[in-house]
Amino acid sequence: MSAVSRRAALGVIGLGAAALTGCQAQSEAAGPPPVRRAVRTGDNPVVRENKLAGKADWKVGIDGIRAVDDLNGQIHGYTSATSVSPGETIDFHVSVRPAGTFNVALYRIGHYAGAGARRVAVSPRLEGKPRPTPEAKGHARVIACDWPVSWSFEIPKDWVSGLFLAVFTTADGHRSYAPFVVRDVQRTSDILMVAPFTTYQAYNLWPRDGRTGRNLYRGHLPTGGLGANPERSYEVSFDRPYSHDGLPMVFDMDMSFTRWAEEAGYDVTYATSVDLHEGRIDPSRHRAIVFPGHDEYWSKEMRDHAEAAVKAGTHLAFLGANNIYFNIRLEPSARDKASRVVACYKEEPDPKPGAGGPTIRWRHLDKDHRRAEQGLLGVQYNGMLKDPVPLVVKESGHWLWAGTGVRDGDEIPDLVAIEADGFDRKMPKPRDVEQTLLSHSPYPDSMGRGTKIQNTSLCVDRRGTMVFAAGTFNWPIALSAEGRVDQRIRTATSNLFDRMLQSRA
């Protein structure tokens with residue numbers, strides 16, 4: 001994929017049959033599914049949390065608050081971890097230019113009667129100073145900060161698991177952000193949301209200052225401006241701010257799902273892709289695990305744990321597209337803190353592949369493509385779009401579309417966007433499941449590869465365990481993003497999760 005084309009997009013073959021037999025084979029010896037407690041939609045900690053008063057004062061533009069930029073670096077910060085549990089401490093590392101006072105406010109993202117977030121903590125007034133911008137180091141061109149801790153905060157024991165923002169604001173009104181998750185691995189919930197922090201970091205081009213910043217796609221040229229693959233990093237560090245205002249690329253996909261799910265009253269807890277990698281997630285505690293955002297960069301451990309969840313009877317829902325595309329390795333930082341560096345060499349020789357194999361595309365890990373993402377998802381990435389196109393409904397009699405009023409061939413405007421997935425006849429097919437393709441949406445590939453077909457897919461194994469793949473970036477956006485909501489997608493997604501929660505699998 002071209003990062004240039006992907007950035008431009010941001011500012012294979014369809015099947016005629018109604019269903020396929022043939023996601024990942026499940027063991028017939030797995031035994032009966034576990035008996036689980038009644039679902040808690042409408043009566044759970046998330047519902048009680050969202051009855052508290054929220055506020056939109058975290059946004060840039062309110063009360064004269066101004067955005068930052070990478071060139072001037074008025075205020076930027078990063079967190080010591082992608083997720084923390086109640087009772088643990090999270091550190092914030094902040095640079096302020098020029099030196100001056102600032103504070104850190106913490107907001108939990110949710111519905112909150114439409115406010116979208118609630119401020120849950122704020123630091124005292126802190127003294128800040130400029131911190132050095134590191135150069136890329138070594139063959140891997142890693143950019144990693146070693147800034148001192150500006151503020152530490154212990155997560156209260158009574159905080160509800162969620163998606164959070166650290167909001168950094170200077171005394172003169174400049175503001176940036178850093179996301180993190182408060183997890184609660186001890187609590188059983190109906191749905192676990194996994195935020196794609198490994199993919200956030202893969203696209204992070206901080207600092208985009210005209211000379212320094214690099215990500216896994218691009219890097220700055222010595223003469224200025226951005227180059228492509230020859231200038232990119234092969235490894236990227238979590239020990240640095242996110243570029244621009246500090247919100248990762250397409251973070252709105254995850255925010256939109258979070259607000260919709262909490263408005264709907266689902267019993268949700270939260271984790272990150274690093275938690276999935278490190279094995280903190282016990283699938284038996286959740287009926288469904290949802291990956292709502294763009295989740296492209298997966299380690300072997302991430303995939304192994306996701307496949308184990310399906311085998312344990314836990315449903316999976318992928319609401320974006322181009323998921324599980326690159327195999328990665330998570331490595332320790334220079335200070336030996338685990339899982340702080342994402343390694344992905346792609347076309348370059350990987351100097352230390354390890355148990356997960358070389359860090360290339362999953363579909364190219366073996367000559368028979370046995371590890372292609374389609375083997376788990378039912379579909380896989382097949383192209384990019386310059387402009388959105390409609391999602392064309394297929395199998396309108398299926399329960400997913402119940403109550404939406406759609407018929408076969410109906411078009412849901414602008415739903416297929418940025419990147420798309422489709423079923424590929426040439427790749428290994430899902431086995432031992434019933435697969436239904438719920439859309440058949442033609443689109444012109446922006447890379448000049450002709451017309452492609454987007455498919456939304458649902459795979460159901462013999463025990464009823466489901467793997468859903470929306471196959472487009474705009475599915476989660478249609479759930480609650482301002483001015484982008486589509487009631488048909490809200491209803492279809494409710495049908496999906498309600499069916500997953502009712503299932504004994």
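The values are calculated or read from the model by the stated rules, or taken from the named source; none is laboratory data. Everything quoted here is computed from the prediction, not taken from an experiment. Cβ placement follows ideal geometry from the backbone for every residue including glycine, while neighbour counts extend to all protein chains displayed. Ligands, DNA and RNA are stripped out before the accessible areas are found, and what is left, the full protein with its side chains, is counted by its heavy atoms. Shrake-Rupley method; radii C 1.70, N 1.55, O 1.52, S 1.80 Å.
In this structure, does ALA402 turn out to be hydrophobic (A, V, I, L, M, F, W, C) and closer than 21 Å to GLY293 by Cα? So ALA402 fails the test.
Hey, among the residues in region 119-155 that are part of a strand (DSSP E or B) and not hydrophobic (A, V, I, L, M, F, W, C), which one's farthest from ARG183 (Cα to Cα)?
So the residue we want is LYS137.
Just one of the listed residues (GLU231, GLU135) is farther than 25 Å from VAL250 by Cβ and not hydroxyl-bearing (Ser, Thr, Tyr), and it is GLU135. Being buried (at least 20 other Cβ atoms within 10 Å of the Cβ), over 22 Å from the mean Cα position of the chain (by Cα) and not basic (Lys, Arg) holds for only one residue in VAL84, VAL94, and it is VAL94. Residue pairs whose Cβ atoms lie under 8 Å apart, separated by 6 or more positions or on different chains, with the first residue in region 386-405 and acidic (Asp, Glu) and the second not in a loop (DSSP other than H, G, I, E, B), are GLU395/ALA19; GLU395/TRP401; GLU395/THR436; GLU395/LEU437.
In the set (1) in contact with a helix residue (DSSP H, G or I) (Cβ under 9 Å, 6 or more places away or on another chain); (2) farther than 18 Å from VAL68 by Cα; (3) open to solvent by 10 Å² or more (accessible area, probe 1.4 Å), the condition left unmet by TYR242 is number (2). Taken over region 164-215, the criterion of being open to solvent by 10 Å² or more (accessible area, probe 1.4 Å), in a strand (DSSP E or B) and of a type in the set (Ser, Thr, Tyr) is satisfied by THR169, THR170. Listed by position, the strands (runs of 3 or more DSSP E) inside region 364-464 whose residues that are of a type outside the set (Val, Ile, Thr) and open to solvent by 20 Å² or more (accessible area, probe 1.4 Å) number at least 2 are 411-416, 441-444. Restricting SER446, SER503, SER457, SER480 to those that are modelled with pLDDT under 95, closer than 20 Å to VAL194 by Cβ and among the hydroxyl-bearing types (Ser, Thr, Tyr) reduces the list to SER503.
Name the strands (runs of 3 or more DSSP E) wholly within region 16-111 that hold at least 2 residues that are more than 25 Å from SER339 (Cα to Cα) and at pLDDT 95 or above?
Hits in region 16-111: 100-109.
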